[in-house]
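**Student:** Below you will find the structure I want to go over with you.
The values are calculated or read from the model by the stated rules, or taken from the named source; none is laboratory data. In this text, all values refer to a predicted model and were calculated from it rather than measured experimentally. As a convention, Cβ positions derive from the backbone with ideal geometry for all residues, glycine included, and neighbour counts pool all protein chains shown.
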Amino acid sequence: MVQISHMAIVNSLTHSNRKRDKMVNQRNGFTYMANITVLSAALVVFSFVNDGKNQFRILLAMVLFLGTCTSTFFMCTIREPKLTQMASELEREYKIKTMGEEALAIEDAAKAKENVGGKSATDWLKEGTFYVHGVVYMVVRVAVNVTMTV
């Protein structure tokens, strides 16, 4: 969940390509660390608990607890809307200086007509690229997970 959330807002967190690349690399590093942590916890649980049903229950509880903690930490510490609002304000100021207020008002009116409600879920389901990106992402995740398992 944290990885998907981070992918969704990484472009809003910074406008620097270098910083974005660094954040993506760190996210991937933490993904590998999470996989190694789960595998290490499984090794410990399977070594010390003999009952097969309890082994997986204990492992499940540990993973759910760690996942809940990291997700809560991510959601409580990342402040994306404020940065997005600041970026929008700075972009507006820039456009006022370069285009003038009248041209900006005309552009804003055209955008308002275009984006009355944004895209709904059904609009996204009608997009072909939505499925292409979904399939590519799933294939990459399977490759990463298989690599980590091996």
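**Student:** Going residue by residue through the stretch 49-62, is there one that turns out to be out of contact with any helix residue (DSSP H, G or I) (no Cβ under 8 Å at 6 or more places or on another chain) and within 30 Å of Ile9 (Cα to Cα)? Let's see the steps before the verdict.
**Tutor:** Quick first cut of the stretch 49-62, residues out of contact with any helix residue (DSSP H, G or I) (no Cβ under 8 Å at 6 or more places or on another chain) only: 50-54, 56-57, 60-61.
Filter again for within 30 Å of Ile9 (Cα to Cα), leaving 60-61.
Within the stretch 49-62 (the criterion being out of contact with any helix residue (DSSP H, G or I) (no Cβ under 8 Å at 6 or more places or on another chain) and within 30 Å of Ile9 (Cα to Cα)), the answer is yes, since at least one residue qualifies.
Yes or no, residue by residue, for (1) outside any helix (DSSP H, G or I); (2) under 21 Å from the mean Cα position of the chain (by Cα); (3) at pLDDT 90 or above:
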residue: Asn25; (1), (2), (3): no, yes, no
residue: Gly29; (1), (2), (3): no, yes, no
residue: Ile36; (1), (2), (3): no, yes, no
residue: Ala42; (1), (2), (3): no, no, yes
residue: Ser47; (1), (2), (3): no, no, yes
residue: Asn54; (1), (2), (3): no, no, yes
residue: Phe74; (1), (2), (3): no, yes, no
residue: Met86; (1), (2), (3): no, yes, no
residue: Glu93; (1), (2), (3): no, no, no
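**Student:** Which pairs turn up if I take residues in the stretch 118-138 that are under 16 Å from Ala8 (Cβ atoms) and look for partners that are surrounded by 10 or more Cβ atoms within 10 Å (Cβ to Cβ) and at pLDDT 85 or above with beta carbon separation below 7 Å, at least 6 apart in sequence or on another chain?
**Tutor:** Close Cβ pairs (under 7 Å, with a partner that is surrounded by 10 or more Cβ atoms within 10 Å (Cβ to Cβ) and at pLDDT 85 or above) amount to Trp124/Phe130.
**Student:** What number of residues within the stretch 6-33 are free of Cβ contacts under 8 Å to residues at least 12 places away in the same chain and in contact with a Ser or Thr (Cβ under 8 Å, 6 or more places away or on another chain)?
**Tutor:** 1
**Student:** Inside the stretch 5-23, can you point out the residues that are of a type in the set (A, V, I, L, M) and either modelled with pLDDT of 85 or more or under 26 Å from Ile58 (Cα atoms) (or both)? Quick ask: steps written out before the conclusion?
**Tutor:** Within the stretch 5-23, the subset of a type in the set (A, V, I, L, M) is 7-10, 13, 23.
Within the stretch 5-23, Met23 is the sole residue that qualifies.
**Student:** Can you tell me how many residues in the stretch 108-143 are in a helix (DSSP H, G or I) and at pLDDT 80 or above? Walk me through it before giving the result.
**Tutor:** From the stretch 108-143, those in a helix (DSSP H, G or I) are 108-114, 121-126, 128-143; that's our starting set.
Next, from what is left, pick out any that are at pLDDT 80 or above: 121-126, 128-143.
Looking only at that region, the number is 22.
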